[in-house]
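K.L.:
One structure, pasted below without further comment.
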Amino acid sequence: MQPRLLEIRKGVLDKNDQLARRLRDRFSSAHTLAINLVSSPGSGKTLLLEKTLASLRSTGYRAAALVGDLQTDNDAKRLAASGVPVRQITTAGNCHLEAQMIEDHLEGWTLNDLDFLFIENVGNLVCPSSYDLGEHLRVVILSVTEGEDKPLKYPPIFHSSDLAIITKIDLAEAVEFNRAAALANIRAVRPEMPILEVSAKTGVGMAEWLRFLLVQRAAALMAIEN
Amino acid sequence: MHELSIAHNVVEIASHAANEAGINRIQAVHLKLGALSGVEKDSLLFCYEIAAEGTRLQGSRLEIDEIPVAIYCPHCDDILPLPGVQALCCPRCGTSSADIRQGYELEVISLEYESSDEPELSL
C-alpha cells in the first residue's frame, strides 16, 4: 500500500498568535504600549522593572506590570511597592508565558488608564522566544555577570527582540566584562539591534531607557493615527 | 522545556485534521521546523511520543523538515541560506543583514496515511 498525504499547512502556534494579535490591537486602541521583558533568571529584570515603574510614576505616566514566575509571588510583592498595579502570573511549572495567560490576567484592568504595560516573562532564554504575547516591544536583558556569548548560545530570543539591555554595568569591571564582544555577539544574531547599557542600582543609563520607552510609545501612537 | 506543549499542539492539529478527513491510520505527521523557531528538534521528537500516547496518533512518526535561516543580501541581490543562526551575514560577501526570508517555520504540513484508508469526501 502506498502511503498518501493529506495536506494541512497549519502553524503550530496559530491559536496563540491569533490571540496575541487581538491583544496587540486592544493595547494599541487603548494607547497602551506593551513591553515583554525576557532574560535568564537573575539578570536583574525585577530591579530594572522596579526602578522603571517608579520613574514612570514620578513623571506622571501610568504603568502596570504582569509578572510571570514558576512559583511564588515574591516579585509581584516587590514591584507593588512602587505603587503601580501589579499582578502575578504563576505558571505552575510552565517555562514561559502564553497569550492566553495575559488575557486572563488583564480582567478588571482598564487599559485606557494605562500608558505602559510591562510583562515580565519567566526567567528563561529559550522557550519565551516562540510565544507572541501581543507586545509591541520585546526587550531582552543580559547582565554583565552572565558571559558575553549568551547571544550566540540563545540566538532565537536575541533575534526576536527589538532592544537589548545590558544590566548591572556597575559590576562590569569586577567581572571583567568584555563589552566589545558582547555588543558584537548581539549584533551578529540581530544586526542593527539597539543596545542600552544600564545599572538599575546606580541609575546609570536609566534616563536613556526611559527616553527609549517614551519615543517608542509616541511612535506606536503615530502608527495608530495613520 | 516548551517542546511538550508544542508537541500537544501538533497532536491536536493533526488529530483534528484526521478526524475531519475521516482518516484513522496515520503513519506520520510532517512538520516544518525553522532554525529560528526556538524549538529544539530532538526534544520535540521525544515529546511527540509522549503527547501522541492514547490518541489516534499513537505510534505514528513525526517527520521534521529542518529549515535553515535564509537572508536577503542587498549587496549580492540574492536570497541565501545560512549554515547556522549565530551570524546573520551573507555567506558569500559577509554583508550583515536582518532581512530574514525563512527560518521561523513551525508548521504542520501534512499527514501521511495508508492508502486503504481513503478520506471520506464530503460533497
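K.L.:
For the structure I just gave you, tell me whether A:Gly134 is open to solvent by 10 Å² or more (accessible area, probe 1.4 Å) and at positive phi.
P.N.:
Values: open to solvent by 10 Å² or more (accessible area, probe 1.4 Å): no; at positive phi: yes.
In short, no.
K.L.:
Let me ask another. When you scan the stretch A:1-37, how many residues do you find that are assigned to a strand (DSSP E or B), within 8 Å of chain B (Cβ to nearest Cβ) and of a type in the set (Val, Ile, Thr)?
P.N.:
Initial filter on the stretch A:1-37 (assigned to a strand (DSSP E or B)): A:3-11, A:33-37.
Checking which are within 8 Å of chain B (Cβ to nearest Cβ) leaves us with A:3-11.
Checking which are of a type in the set (Val, Ile, Thr) leaves us with A:8.
Adding up the residues that qualify gives 1.
K.L.:
Here's another thing I want to ask about it. Restricting to strands (runs of 3 or more DSSP E) lying wholly in the stretch B:12-85: which have 2 or more residues that are over 30 Å from B:Ser96 (Cβ atoms) and touching a residue at least 60 places away in the same chain (Cβ under 8 Å)?
P.N.:
In the stretch B:12-85, B:26-34 are the strands (runs of 3 or more DSSP E) which contain 2 or more residues that are over 30 Å from B:Ser96 (Cβ atoms) and touching a residue at least 60 places away in the same chain (Cβ under 8 Å).
K.L.:
Find the residue count for the stretch A:143-173, including only residues that are open to solvent by less than 60 Å² (accessible area, probe 1.4 Å) and either at the interface with chain B (Cβ under 9 Å from one of its Cβ atoms) or farther than 23 Å from A:Ile35 by Cα (or both).
P.N.:
Going through the stretch A:143-173 one residue at a time, the tally reaches 10.
K.L.:
May I pose another question? When A:Ile186 is evaluated against the numbered criteria (1) farther than 28 Å from A:Lys15 by Cα; (2) at pLDDT 95 or above; (3) out of contact with any strand residue (DSSP E or B) (no Cβ under 8 Å at 6 or more places or on another chain); (4) within 13 Å of chain B (Cβ to nearest Cβ), which criterion, by number, is the only one it fails?
P.N.:
All conditions pass for A:Ile186, except number (3).
K.L.:
Continuing with the same structure: What is the residue count in the stretch B:92-123 for residues that are more than 13 Å from every other protein chain (Cβ to nearest Cβ), at pLDDT 95 or above and in a loop (DSSP other than H, G, I, E, B)?
P.N.:
Residues meeting the conditions: 2.
K.L.:
State whether the residues of the stretch B:59-71 include one that is open to solvent by 40 Å² or more (accessible area, probe 1.4 Å), more than 8 Å from chain A (Cβ to nearest Cβ), out of contact with any strand residue (DSSP E or B) (no Cβ under 6 Å at 6 or more places or on another chain) and farther than 21 Å from A:Gln2 by Cβ.
P.N.:
no
K.L.:
If you don't mind, there's one more thing I want to ask. Return yes when A:Ala76 is under 15 Å from the mean Cα position of the chain (by Cα) and buried (at least 16 other Cβ atoms within 10 Å of the Cβ) and no when it is not. Working first, answer last.
P.N.:
Details: under 15 Å from the mean Cα position of the chain (by Cα): no; buried (at least 16 other Cβ atoms within 10 Å of the Cβ): yes.
No.
K.L.:
Say we look at the stretch B:26-40 and pick out the residues that are of a type outside the set (A, V, I, L, M, F, W, C), at pLDDT 95 or above and under 14 Å from the mean Cα position of the chain (by Cα); which of these is surrounded by the most Cβ atoms within 10 Å (Cβ to Cβ)?
P.N.:
Once the filter is applied, the top-ranked residue is B:Gly34.
K.L.:
Those residues that are open to solvent by 30 Å² or more (accessible area, probe 1.4 Å) and of a type outside the set (D, E, K, R), I need them from the stretch A:35-73; list them, please.
P.N.:
Once the filter is applied, which keeps residues that are open to solvent by 30 Å² or more (accessible area, probe 1.4 Å) and of a type outside the set (D, E, K, R), the stretch A:35-73 yields A:Pro41, A:Gly42, A:Leu47, A:Ala54, A:Ser55, A:Ser58, A:Thr59, A:Gly60, A:Tyr61, A:Leu70, A:Gln71, A:Thr72.
K.L.:
Looking for something within 14 Å of chain B (Cβ to nearest Cβ), farther than 21 Å from B:Ser43 by Cβ and touching a residue at least 60 places away in the same chain (Cβ under 8 Å) - is there at least one such residue anywhere in the stretch A:88-107?
P.N.:
Yes, the stretch A:88-107 contains at least one residue that is within 14 Å of chain B (Cβ to nearest Cβ), farther than 21 Å from B:Ser43 by Cβ and touching a residue at least 60 places away in the same chain (Cβ under 8 Å).
K.L.:
Of A:Ser55, A:Ser82, which residue is touching a residue at least 40 places away in the same chain (Cβ under 8 Å) and over 17 Å from the mean Cα position of the chain (by Cα)? Step through it out loud before you land on a result.
P.N.:
Values: A:Ser82 fails: touching a residue at least 40 places away in the same chain (Cβ under 8 Å).
Exactly one of A:Ser55, A:Ser82 is touching a residue at least 40 places away in the same chain (Cβ under 8 Å) and over 17 Å from the mean Cα position of the chain (by Cα), namely A:Ser55.
K.L.:
Let me confirm something: among A:Glu103, A:Glu176, A:Glu192, A:Glu120, which residue is over 30 Å from B:Glu105 (Cα atoms) and either under 16 Å from the mean Cα position of the chain (by Cα) or open to solvent by 50 Å² or more (accessible area, probe 1.4 Å) (or both)?
P.N.:
A:Glu176
K.L.:
Let me ask another. Tally time: how many residues in the stretch B:73-91 are more than 9 Å from chain A (Cβ to nearest Cβ) and open to solvent by less than 60 Å² (accessible area, probe 1.4 Å)?
P.N.:
Count: 6.
The values are calculated or read from the model by the stated rules, or taken from the named source; none is laboratory data. The model shown is predicted, which means the values in this text are computed figures rather than measured ones. Positions of Cβ are generated from backbone atoms using ideal geometry, with glycine treated the same way; all protein chains shown enter the neighbour counts. For accessibility, only protein heavy atoms count, side chains too; no ligands or nucleic acids. Shrake-Rupley method; radii C 1.70, N 1.55, O 1.52, S 1.80 Å.
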